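The values are calculated or read from the model by the stated rules, or taken from the named source; none is laboratory data. Bear in mind that the values here come from a model prediction, so they are computed numbers and not experimental data. Positions of Cβ are backbone-derived with ideal geometry, glycine not excepted, and every protein chain shown enters the neighbour counts.
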Amino acid sequence: MHKTSPIPFRFLIQHPAHIVALGFGSGLLRPAPGTWGTLPAIPIAWGLSTLNNAWLWGAVIILLLIIGVWATHVTGKHLGETDHSSIVIDEIAAFVLVLFFVPMTPAVVFIAFVLFRFFDIVKPPPANTVDQRMKNSVGVMLDDIVAAAYTILCLMILTRLWPF
């Protein structure tokens, strides 16, 4: 299957890894599945923010990354494409990481979302190197973690210059 080929809904429910990797179906939406696929991170992060427990945030982020590697591997294998555009658990895990570092206000979440999507699409170094050379599920997850790191750095600078 080609990286941008649409996936039928029935594929989503054929294996638990597909449900996770495809972001509970959000990765099936077109156009821009990565953008749609990032959105499930917001309610996850909002729920975590209401609990006000940094250890829980960390555990959820690590769990999303570990499960994401597994789900991406299985789903990529079934699709015949390691980094199919409908696989969005990488965006979800990375954006939950971003939201750990910012206040969960609509304005800040929106700015974080735009920045994250920008860095995920543009893939500045070393994200582009990871994307080009690590053609496996770890690489799929890792390039989004790099995008998250750029986003967090920009948000730290922005909040220093213009407190939200």
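Let's see how each residue does on (1) out of contact with any Pro (no Cβ under 9 Å at 6 or more places or on another chain); (2) part of a helix (DSSP H, G or I); (3) of a type in the set (Phe, Trp, Tyr); (4) under 18 Å from Ile92 (Cβ atoms):
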position: Lys135; (1), (2), (3), (4): yes, no, no, no
position: Gly139; (1), (2), (3), (4): yes, yes, no, yes
position: Asp144; (1), (2), (3), (4): yes, yes, no, yes
position: Tyr150; (1), (2), (3), (4): no, yes, yes, yes
position: Leu153; (1), (2), (3), (4): yes, yes, no, no
position: Leu158; (1), (2), (3), (4): yes, yes, no, no
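Somewhere in region 130-140, is a residue out of contact with any helix residue (DSSP H, G or I) (no Cβ under 8 Å at 6 or more places or on another chain), among the aliphatic types (A, V, I, L, M) and surrounded by fewer than 21 Cβ atoms within 10 Å (Cβ to Cβ)?
no
Among the residues of region 59-107, how many are under 21 Å from Leu155 (Cβ atoms), among the small types (Gly, Ala, Ser) and more than 11 Å from the chain's Cα centre (by Cα)?
So the answer is 1.
Consider region 1-19. How many of its residues are modelled with pLDDT of 95 or more, within 12 Å of Gly76 (Cα to Cα) and aliphatic (A, V, I, L, M)?
Number satisfying all stated conditions: 1.
Pick from Phe100, Phe118, Phe164: which is under 24 Å from Pro43 (Cβ atoms), surrounded by fewer than 19 Cβ atoms within 10 Å (Cβ to Cβ), hydrophobic (A, V, I, L, M, F, W, C) and modelled with pLDDT under 95?
Phe164
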